[in-house]
1. Would you say residue 82 is surrounded by fewer than 16 Cβ atoms within 10 Å (Cβ to Cβ) and within 14 Å of the chain's Cα centre (by Cα)?
2. Assigned to a strand (DSSP E or B), in contact with a strand residue (DSSP E or B) (Cβ under 8 Å, 6 or more places away or on another chain) and among the small types (Gly, Ala, Ser), is that true of residue 80?
3. Using the structure shown, decide if residue 65 is in a strand (DSSP E or B), β-branched (Val, Ile, Thr), free of Cβ contacts under 8 Å to residues at least 24 places away in the same chain and within 28 Å of residue 9 (Cβ to Cβ).
4. Just one of (1) modelled with pLDDT under 95; (2) under 17 Å from residue 120 (Cα atoms); (3) surrounded by 16 or more Cβ atoms within 10 Å (Cβ to Cβ) trips up residue 66, so point out which.
5. Being without any contact (Cβ under 8 Å) to a residue 12 or more places away in the chain and either of a type in the set (A, V, I, L, M) or more than 18 Å from residue 76 (Cα to Cα) (or both) is the filter here; which residues of region 1-46 pass it?
6. Conditions first: (1) closer than 27 Å to residue 12 by Cβ; (2) more than 15 Å from the chain's Cα centre (by Cα). Residue 106 passes all but one, so which condition is the exception?
7. Could you tell me which residue of region 11-42 is farthest from residue 65 (Cα to Cα), considering only residues that are in a strand (DSSP E or B) and in contact with a helix residue (DSSP H, G or I) (Cβ under 7 Å, 6 or more places away or on another chain)?
Amino acid sequence: MSQCEHEVVFTGMVNVNRDNYLQGVVDVWRCRKCKRLFCDDKRYGEGLKPSVGFESIPDDEEWAVLTCTTAKEVYMYSLGVKPGKKITHACKSGEIHEFVVGDDYSLQTGMEIPIHRLYLVKDHINKNIEAGYYRLTMVK
C-alpha cells in the first residue's frame, strides 16, 4: 500500500440514475499529495453511515461502480477492480453472481436480468451513469 500521509479533499460525485431518477451517489475524494481516489456510497432510501468511508483499495486497482439493474430498480456500490479480478456479487433478490473483470474493465455478462455493468469512477466524476433497464436494453 501507498506510504503517503493522505490529505483527502472532496473532488466530486458520480450520480447513478435509473431512467433519469437518482438511485445513488458515489462521493469521490482525492489525496492532494499522491492523487489517489477514495469513494463513499450513498443510496437513495438508505440511511447515511455515521462516518465517511475513505476505504482504501490496493495500489494496482481502480475504483469502479458496479450496477445491478432490474426493470424496477438499480442497486449500486463502489469497489476496487483490476483486469482479471474475480468479483462476487449478491443481488437484492439473493442471487449470487461471479464475474471476472475484463482487460477493458468490463464484465463478461449478457442481457439477462438483472443486468450488471461496471463503470470506472475516474471516467464519471461529476457525471451521471444511466443504468436504467430501458436505457440499457434500447437497440442502438
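1. Details: surrounded by fewer than 16 Cβ atoms within 10 Å (Cβ to Cβ): yes; within 14 Å of the chain's Cα centre (by Cα): yes.
So residue 82 passes the test.
2. On the way: assigned to a strand (DSSP E or B): yes; in contact with a strand residue (DSSP E or B) (Cβ under 8 Å, 6 or more places away or on another chain): yes; among the small types (Gly, Ala, Ser): yes.
Answer is yes for this residue.
3. Numbers: in a strand (DSSP E or B): yes; β-branched (Val, Ile, Thr): yes; free of Cβ contacts under 8 Å to residues at least 24 places away in the same chain: no; within 28 Å of residue 9 (Cβ to Cβ): yes.
Taking the combined requirement at face value, the residue does not satisfy it.
4. Single failed check for residue 66: (1).
5. Selection gives 3, 35.
6. Going through the list (1) closer than 27 Å to residue 12 by Cβ; (2) more than 15 Å from the chain's Cα centre (by Cα), residue 106 breaks only (2).
7. We begin by selecting, within region 11-42, every residue in a strand (DSSP E or B); these are 11-18, 21-31, 37-42.
From the residues that got through so far, the ones that are in contact with a helix residue (DSSP H, G or I) (Cβ under 7 Å, 6 or more places away or on another chain) too are 14, 26, 28, 37, 39.
Values: 14: 9, 26: 8, 28: 11, 37: 13, 39: 10 Å.
Out of the qualifying residues, it is 37.
Yes or no, residue by residue, for (1) in contact with a Pro (Cβ under 7 Å, 6 or more places away or on another chain); (2) among the charged types (D, E, K, R); (3) surrounded by fewer than 11 Cβ atoms within 10 Å (Cβ to Cβ); (4) modelled with pLDDT under 95:
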residue	(1), (2), (3), (4)
8	no, no, no, yes
35	no, yes, yes, yes
55	no, yes, no, yes
74	no, no, no, yes
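The values are calculated or read from the model by the stated rules, or taken from the named source; none is laboratory data. Just so you know, these numbers come straight off a predicted model, no measurement behind them. Note that each Cβ is placed from the backbone with ideal geometry, even for glycine, and that neighbours are counted across all protein chains shown.
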